[in-house]
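All remarks here apply to the structure that follows.
A short reminder: the numbers here are calculations on the coordinates, not readings from a lab. Since the model is a prediction, treat every value here as computed from it, not as a measurement. Counting neighbours? That spans all protein chains shown, and the Cβs are built from the backbone with ideal geometry, glycine included.
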Amino acid sequence: MKKVTEINRRDFFKNAALAGAGLVLSSGTVLASGEDKTAFIQSPNSNLSTLPTRKLGPLEVTGIGLGCMSMVAGTYNPTPPKDEMIAHLRKAVELGVTFFDTAEVYGPYGSEELVGEALKPFKGKITIASKFGFEIQNGRRMGRNATPESIKKVIDGSLKRLRLETIDLYYLHRMDPNVPVEEVAGAVKDLIAAGKVKHWGLSEVSPETLRKAHAELPVAALQSEYNLAERVVENQILETCEELGVGFVPWGPTHRSFLAGRFNEYSRFDSQDRRSQLPFFSAEGFAQNMPFLRVVRDWSQKKGITMVQFSLAWLLAQKPFIVPIPGTISPQHLAENLGALNVKFTDAELNEIRAEIEKFKFLGVRAPETAFIDQ
Ligand SMILES: NC(=O)c1ccc[n+]([C@@H]2O[C@H](COP(=O)([O-])OP(=O)(O)OC[C@H]3O[C@@H](n4cnc5c(N)ncnc54)[C@H](OP(=O)(O)O)[C@@H]3O)[C@@H](O)[C@H]2O)c1
């Protein structure tokens, strides 16, 4: 297993080196269409690269964004050195990434502060998304709070930390069961009128809530978990986005790095690591879920790409309005992930992949009916 991954990475870095020299990435069936040749090409008037873009409602962003949650402690890793993360975020801009995802609750506050400091020089040239809707007390997340009063208060803290006058995309992080979504939309409408927010989104809501929200104030994007293993959003959520013209942003696109083939059945997580609490990543979960990686490995070999590139490219191939936001604190992983923008599948390949994934029964994924419940 390890050997295959290493071979794929070697191939990737060989290709990335060609791209760095101004040549376009090529591996097997990649670069099937002309439009993708913009990937990794140096733009003439700057030292920044350009990447293919996609639309999230009215917003245009790079086809892959960068998740900034794990740049602070609290999910998968201890806080990495701040200087390294600032350089990492700026390198992402240099590579052409224009879409960055953070939230008030990451840290809490630390991720927004980091993003604000690192990306200040690129104000107006990139899209920063943040999220609201959790009560934070004494630096700890306490529960949900999406009352209009709270939304109108916390926006100012986010703007200050992000060093912005306007947040490009402001998501309701989780539904507050005590506040109807129409009231949340009303509060965000006021923030838009005040120039503090440009577009809004929701996260982990049902198709019904999305419809109500969109009827009140057009939604640019829905952000929910989606990857080769966790596919609950295929149950009417993606269809609803398509019908309404709402973009879809999959969080957890590598399934918290499971799809990278980084773990084996003996892997265990520190209690600080969010995965330690998830049945998918328990000993039993690994025993049942690990064989799926054969599918990912076989396809990535067939396509001459890495397992993560395959996983991200598969998401991109599902709908043209999907923009994954893999989280990474590693510059190498970031470059690898962006390579997925160059991968193309034929319809026959997508059908074959679909048949293989649907045969597999995962332990620790959501039940189909949960698609209809606000999380
Ligand atoms: N709306 C929500 O409720 C919600 C929930 C969770 C997350 N999010 C957002 O979505 C973003 C992504 O979600 P996520 O971080 O939970 O899941 P993810 O992106 O699937 O997984 C992140 C993990 O994958 C690893 N990884 C990334 N690229 C890799 C590569 N090429 N090879 C090997 N490992 C790789 C990272 O490790 P390294 O750092 O070592 O690369 C990290 O541990 C977050 O940053 C956050 O902005 C939103």
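Key figures
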quantity	calculated
Region 164-205: GluC sites (Glu not before Pro) in DSSP coil with no more than 12 other Cβ atoms inside 10 Å	165
Under 5 Å, built H, 5+ apart or other chain: amide partners of residue 325	65
Simple label model, 7 Å out from Cα along Cβ direction - residue 348 to residue 189, nm	5.2 nm
Backbone HN-Hα couplings from phi across region 237-253 [Karplus 6.51/-1.76/1.60, Hz, Gly and Pro as x]	7, 5, 4, 5, 4, 4, 4, 8, x, 9, x, 10, 10, x, 8, x, x
Principal semi-axes in Å for region 167-280 [√(5λ), Cα gyration tensor, largest first]	31, 16, 13
Within the chain, helix-based [θ] at 222 nm, where runs of 4 or more DSSP H residues each add -39,500 (n - 2.57), nearest 500	-11500 deg cm²/dmol
Burial ordering of 297, 256, fewest other beta-carbon atoms within 10 Å first	297, 256
Size-normalised alpha-carbon gyration radius of region 278-356, reference 2.2 N^0.38 Å	1.18
Quarter of the Cα convex hull surface for region 219-375, i.e. its orientation-mean projected area (nm²)	9.7 nm²
Region 331-375 - Debye-derived log10 I(q)/I(0), Cα point model, q = 0.16, 0.25, 0.28, 0.30 Å⁻¹	-0.82, -0.86, -0.90, -0.95
Cα-based equivalent ellipsoid, region 143-232: semi-axes from gyration tensor eigenvalues, Å	22, 15, 13
Beta bridge orientation in the chain: antiparallel %, DSSP, nearest 5	30 percent
Residue order, fewest to most surrounding Cβ atoms within 10 angstrom, among 98, 306	98, 306
Once the Cα gyration tensor of the chain is diagonalised, semi-axes √(5λ) in Å	31, 24, 21
Residues residue 358 and residue 73, FRET efficiency given R0 of 51 Å [Cβ-Cβ distance, rounded to 0.05]	0.85
Nearby lysines by direct alpha-carbon distance to residue 196 (threshold 16 angstrom, same-chain neighbours under 8 apart not counted)	123, 131, 152, 153, 160
For region 45-178, fraction of C-alpha pairs farther apart than 20 Å, in %	45 percent
